[in-house]
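The values are calculated or read from the model by the stated rules, or taken from the named source; none is laboratory data. Quantities reported herein were computed from a predicted structural model and do not represent experimental measurements. All Cβ positions, even for glycine, are placed from backbone atoms using ideal geometry, and neighbour counts span all protein chains on display.
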Amino acid sequence: MSQKSILITGCSTGIGLDAALTLHQRGYQVIATARSEKDVSILADKGLTALKLDLTDPESITEAVKQTLALTGSRLDALFNNGAYGQPGALEDLPTDALREQFETNVFGWHELTRQILPIMRKQGYGRVIQNSSVLGFVCMPYRGAYNASKFAIEGLTDTLRLEFADTPIHFSLIEPGPIESQFRANALKKFKQHIDVPASVHKLEYQKQIDRLGKDIANKFTLPASAVTEKLIHALESSRPKARYYVTFPTHLFARLKRLLPTRWLDRLLAKG
């Protein structure tokens with residue numbers, strides 16, 4: 001059996017890095033990507049095959065796909081779309097350009113990369129596409145509207161792809177984590193400060209709570225290590241019957257159940273507490 005190959009985005013830290021290192025140790029030919037040259041060099045120093053890939057740049061995506069195929073012999077077993085960030089802030093305070101920026105990375109970049117990979121998988125007659133979504137891909141929380149919207153979009157795109165490829169051996173799965181140990185909060189805080197005018201907002205008192213939450217190094221009691229996501233990724237890659245959805249962390253399982261059982265108003269009251 002030939003070595004399986006996988007292209008992973010967002011490998012500089014957290015989920016992407018853990019997935020790349022674990023799958024490399026598992027015998028996969030891993031193509032780990034990151035946006036900056038510095039992070040690409042760090043990944044290479046860890047023994048990974050690393051490429052630059054900026055999800056906001058179509059030319060960068062095309063070049064990364066070209067280089068990947070040169071490394072894998074013009075085939076690719078799997079794609080793990082993971083690179084993303086969260087833009088906090090009330091939607092009424094969020095500049096539309098900031099929402100566009102969120103979608104460029106979290107949605108449009110994923111779509112463009114997937115669109116370029118799918119003809120390869122069709123030609124070879126197999127493939128797996130795994131999308132790293134979120135609990136916020138099926139329930140919403142206040143002050144996370146841009147990220148909510150981007151993950152809801154990914155859920156819709158992935159469900160549609162699963163239907164459109166139902167008669168092929170190409171499988172699509174969503175992984176839906178809750179809180180995971182990563183740089184996500186720190187990166188979100190940077191974006192919050194970049195785009196939100198706190199003093200001018202009617203939400204400025206609530207924003208202080210958000211700033212405190214994002215600035216904490218200590219995770220909440222439900223936070224799991226990135227390896228919890230990698231565990232689900234491995235099942236999605238290797239199972240003969242990969243699941244459409246993989247829930248990770250207690251909050252994800254809880255809210256998936258509550259969304260099925262509770263009236264919308266009751267669920268809203270819980271989610272509004274943030």
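Figures for the structure shown
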item: Residue match in the range 201-209 (condition: farther than 27 Å from residue 17 by Cβ, at pLDDT 95 or above and β-branched (Val, Ile, Thr)); result: yes
item: Helices (runs of 4 or more DSSP H) wholly inside the range 146-250 that include at least 3 residues being touching a Gly at 6+ places or on another chain (Cβ under 9 Å), loosely packed, with under 15 Cβ neighbours inside 10 Å and of a type outside the set (Asp, Glu); result: none
item: Condition check for residue 9: surrounded by fewer than 18 Cβ atoms within 10 Å (Cβ to Cβ), at pLDDT 95 or above and within 20 Å of the chain's Cα centre (by Cα); result: no
item: Near pairs, Cβ below 8 angstrom, 6+ apart or cross-chain, from the range 249-263 (farther than 15 Å from residue 140 by Cα) to any residue that is assigned to a helix (DSSP H, G or I) and modelled with pLDDT of 95 or more; result: 249/135; 249/228
item: Selected residue [basic (Lys, Arg), closer than 21 Å to residue 165 by Cβ, in contact (Cβ under 8 Å) with a residue 60 or more places away in the chain and out of contact with any Gly (no Cβ under 6 Å at 6 or more places or on another chain)] from 122, 115, 128; result: 128
item: Condition met for residue 26 (under 20 Å from residue 229 (Cβ atoms), at pLDDT 95 or above, surrounded by fewer than 18 Cβ atoms within 10 Å (Cβ to Cβ) and not aliphatic (A, V, I, L, M)); result: yes
